[in-house]
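Asker: Sharing a structure with you now.
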């Protein structure tokens, strides 16, 4: 979701120092036999990206509590399909965790005709890591003073909007905004957010959709101006930017988000224990500060609450993807 540069400081903090997790602690013994060996945290994206760094950061915090190391395994592939299948085919014993996001749990069944699994049936929600507001950005000198100005101009000519990829949360956020506001704009997909933001600054596109983490350096230095958060609450890291809901579009709500799932047959007691451990790690002063510094919003959820959240997301995004005829396996 995010550019590599924004993660350098976090990567140094999370690092490869997961050996800290092997320090014995009293927590594991108090909980019985689980866990009695190292855990795997499987990430479907490469090292150094957002998912990888969050996994390492949280695993480093959790390790001493459970008295076991937590090994982060990167298994990158399109749609994180390889990582997802790996966890689903592993024993449902709580030792294999899958790092999930919008794409893994929500988009993939609509984007791919033949997945080797069904995330709705084969995975169980464990914990919610956090969500990332999506912002519509324009150049400082843009003629659009606000979203109303952009909307009016789109009736005169087709605008362009940039995002980091086809079927990214960024594109779909703008598609839902277009659907509910009447905005007319043509999608220009790039390869990653740095290219998107560079072309915004140079005037190659009229606007872009950026996650909060990548937007912050451009907002703070005056290289971009935010005209809307495509959401229902202002971003704590950019409180000056109004929301779609405030501007009269209550159904234009979209966030990037990340969480943890395990194989569906995992014992409920282990799922609850994992939820407690992950939430405690995320809410620790060190991890919570690092997350808030890059604009992430912490939204604690129980396994049942996360499962309900996923069902609600499915009801919004899968029909939209199918209506737009976006496919990634053709």
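Asker: Return the residues of the stretch 78-129 that are free of Cβ contacts under 8 Å to residues at least 60 places away in the same chain and at positive phi; say none if nothing qualifies.
Answerer: 80
Asker: Being in contact with a strand residue (DSSP E or B) (Cβ under 9 Å, 6 or more places away or on another chain) and either assigned to a helix (DSSP H, G or I) or outside the structural domain of residue 43 (by TED's automatic domain parsing) (or both) is true for just one of 278, 260. Which residue is that?
Answerer: Of the residues listed, the single one that is in contact with a strand residue (DSSP E or B) (Cβ under 9 Å, 6 or more places away or on another chain) and either assigned to a helix (DSSP H, G or I) or outside the structural domain of residue 43 (by TED's automatic domain parsing) (or both) is 278.
Asker: Here is a list of conditions, (1) closer than 30 Å to residue 91 by Cβ; (2) crowded, with 17+ Cβ neighbours inside 10 Å; (3) within 16 Å of the chain's Cα centre (by Cα), and residue 278 meets all of them except one; can you say which number that is?
Answerer: Here residue 278 meets the rest and fails (3).
Asker: With the structure loaded, tell me whether residue 104 is surrounded by fewer than 17 Cβ atoms within 10 Å (Cβ to Cβ), at pLDDT 95 or above and in the same structural domain as residue 260 (by TED's automatic domain parsing) or whether it fails that test.
Answerer: No: the conditions fail for residue 104.
Asker: Only residues that are outside any helix (DSSP H, G or I) and either in contact with a strand residue (DSSP E or B) (Cβ under 7 Å, 6 or more places away or on another chain) or buried (at least 16 other Cβ atoms within 10 Å of the Cβ) (or both): list them for the stretch 304-327, please.
Answerer: 326
Asker: Another one. Can you tell me which of 19, 55, 83 is in a helix (DSSP H, G or I) and at pLDDT below 95?
Answerer: Within the list 19, 55, 83, the selection yields 19.
Asker: Among the candidates 210, 142, which residue alone is in a strand (DSSP E or B) and touching a residue at least 60 places away in the same chain (Cβ under 8 Å)?
Answerer: Every option except 210 fails the conditions.
Asker: Continuing with this model, one more query. Of the conditions (1) touching a residue at least 60 places away in the same chain (Cβ under 8 Å); (2) buried (at least 21 other Cβ atoms within 10 Å of the Cβ); (3) in a helix (DSSP H, G or I); (4) under 22 Å from the mean Cα position of the chain (by Cα), residue 200 clears all except one; give me its number.
Answerer: With respect to (1) touching a residue at least 60 places away in the same chain (Cβ under 8 Å); (2) buried (at least 21 other Cβ atoms within 10 Å of the Cβ); (3) in a helix (DSSP H, G or I); (4) under 22 Å from the mean Cα position of the chain (by Cα), residue 200 is out only on (4).
Asker: Could you please let me know if residue 133 is buried (at least 21 other Cβ atoms within 10 Å of the Cβ) and either part of a strand (DSSP E or B) or in contact with a strand residue (DSSP E or B) (Cβ under 9 Å, 6 or more places away or on another chain) (or both)?
Answerer: In short, yes.
Asker: For the structure I just gave you, tell me whether residue 301 is at pLDDT 95 or above, in a loop (DSSP other than H, G, I, E, B) and either crowded, with 16+ Cβ neighbours inside 10 Å or not assigned by TED's automatic domain parsing to the domain that holds residue 41 (or both).
Answerer: In short, yes.
Asker: Does residue 222 satisfy the criteria of being in the same structural domain as residue 200 (by TED's automatic domain parsing), part of a loop (DSSP other than H, G, I, E, B) and at pLDDT 95 or above?
Answerer: yes
The values are calculated or read from the model by the stated rules, or taken from the named source; none is laboratory data. For clarity, every value in this text was computed on a predicted model and none was experimentally measured. A quick note on method: Cβ atoms are made from the backbone with ideal geometry, for glycine too, and the neighbour counts reach across all protein chains shown.
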